[in-house]
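Have a look at the structure below, then the notes.
The values are calculated or read from the model by the stated rules, or taken from the named source; none is laboratory data. The structure presented is a predicted model; accordingly, all values stated were derived computationally and were not measured. Please note: Cβ atoms are built from the backbone with ideal geometry, for glycine as well, and neighbour counts cover all protein chains shown. These accessible areas exclude ligands, DNA and RNA; they are computed on the full protein's heavy atoms, side chains included. Shrake-Rupley method; radii C 1.70, N 1.55, O 1.52, S 1.80 Å.
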Amino acid sequence: MKLFIDTANIDQIKEMYSLGIISGVTTNPTLCSKEGKDFKSSIAEIAAIVDGPISAEAISMTREGIIQEARELAAIAPNIVIKIPMMEEGLAATSVLSKEGIKVNMTLVFSVNQALLAAQVGAAYVSPFVGRLDDIGHSGIEILDNIVTIYDIYDIKTEIISASIRNPLHVVQSALAGAHIATVPYDILKAMVKHPLTDIGIERFLKDWKKLQETTSSIRK
Ligand code: G3P
């Protein structure tokens, strides 16, 4: 399973990309509004930093509007993917855009049926929102798991992005379910690196190494 970062924050993207652990970025209007910068120039900046798919969301509510917005966003850089909400106008727009070779990430997906529809219109990616399903008392991971199973049965090429990840366990569960990608917020990527036994182990190794240096230097004297 590949990892993307779910943020529009340039510093967070640069930091995680420099570790070599992320291979794409997803943004949404909420994440972009947190940064308070011009949307198109932020997307261009992110696309120049990360050599991988960068999802930028279209906000029009009509198929014509979405198609126009998508064409403009896709022209910014070859790695731009257009995030389009799951709704009738979004499906119609995706159907047109995928035939043009513009990659679409169908977002705000909360059911297996919605994921099946995203596949019919040739979406390159589908984003089930795991955390938001949990928030309303459903099992986001169970729905993700069912989407993976059905896509496998029919050899559907649309890649599944496990989105709305709220904790490190969601990442593990997404991988076990067979998601192609998990898009993970910065803090959770940081938490994935850490383990108390790793910290204790590093501290002990450094202490023992120092002890060895002291012993060998006193022998030399
Ligand atoms: O980018 C879409 C998704 O990951 C949003 O997550 O935490 O706002 O439900 P959240």
Find the residue count for the range 74-117, including only residues that are within 22 Å of ILE43 (Cβ to Cβ), in a helix (DSSP H, G or I) and out of contact with any helix residue (DSSP H, G or I) (no Cβ under 7 Å at 6 or more places or on another chain). 3
Filtering the range 5-63 down to residues that are part of a helix (DSSP H, G or I) and among the hydroxyl-bearing types (Ser, Thr, Tyr), which residue is least open to solvent (accessible area, probe 1.4 Å)? SER42
Kindly list, by first and then second residue, each pair from a residue in the range 175-192 that is within 15 Å of the ligand (Cβ to nearest atom) to a residue that is modelled with pLDDT of 95 or more and basic (Lys, Arg), limited to pairs with Cβ atoms under 6 Å and residues at least 6 apart or on different chains. ILE181/LYS2
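Just checking, which of ILE219, ILE153 is free of Cβ contacts under 8 Å to residues at least 12 places away in the same chain, surrounded by fewer than 14 Cβ atoms within 10 Å (Cβ to Cβ) and under 28 Å from GLY122 (Cβ atoms)?
Details: ILE219 fails: under 28 Å from GLY122 (Cβ atoms).
Going through ILE219, ILE153 in turn, just one is free of Cβ contacts under 8 Å to residues at least 12 places away in the same chain, surrounded by fewer than 14 Cβ atoms within 10 Å (Cβ to Cβ) and under 28 Å from GLY122 (Cβ atoms): ILE153.
Considering each of SER42, SER33 in turn, give the residue that is within 16 Å of the ligand (Cβ to nearest atom) and free of Cβ contacts under 8 Å to residues at least 12 places away in the same chain. Break it down stepwise before answering.
Numbers: SER42 fails: free of Cβ contacts under 8 Å to residues at least 12 places away in the same chain.
Of the residues listed, the single one that is within 16 Å of the ligand (Cβ to nearest atom) and free of Cβ contacts under 8 Å to residues at least 12 places away in the same chain is SER33.
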Residue by residue through the range 75-93, note down the ones that are in contact with a Lys or Arg (Cβ under 8 Å, 6 or more places away or on another chain) and open to solvent by 20 Å² or more (accessible area, probe 1.4 Å). ILE76, GLU89, ALA92
Conditions (1) open to solvent by 80 Å² or more (accessible area, probe 1.4 Å); (2) within 35 Å of the chain's Cα centre (by Cα); (3) over 30 Å from ALA56 (Cα atoms) -> LEU176 fails only (3)
Scan the range 126-133 and give yes if some residue there is in a loop (DSSP other than H, G, I, E, B) and either more than 14 Å from the ligand (Cβ to nearest atom) or surrounded by 17 or more Cβ atoms within 10 Å (Cβ to Cβ) (or both), otherwise no. no
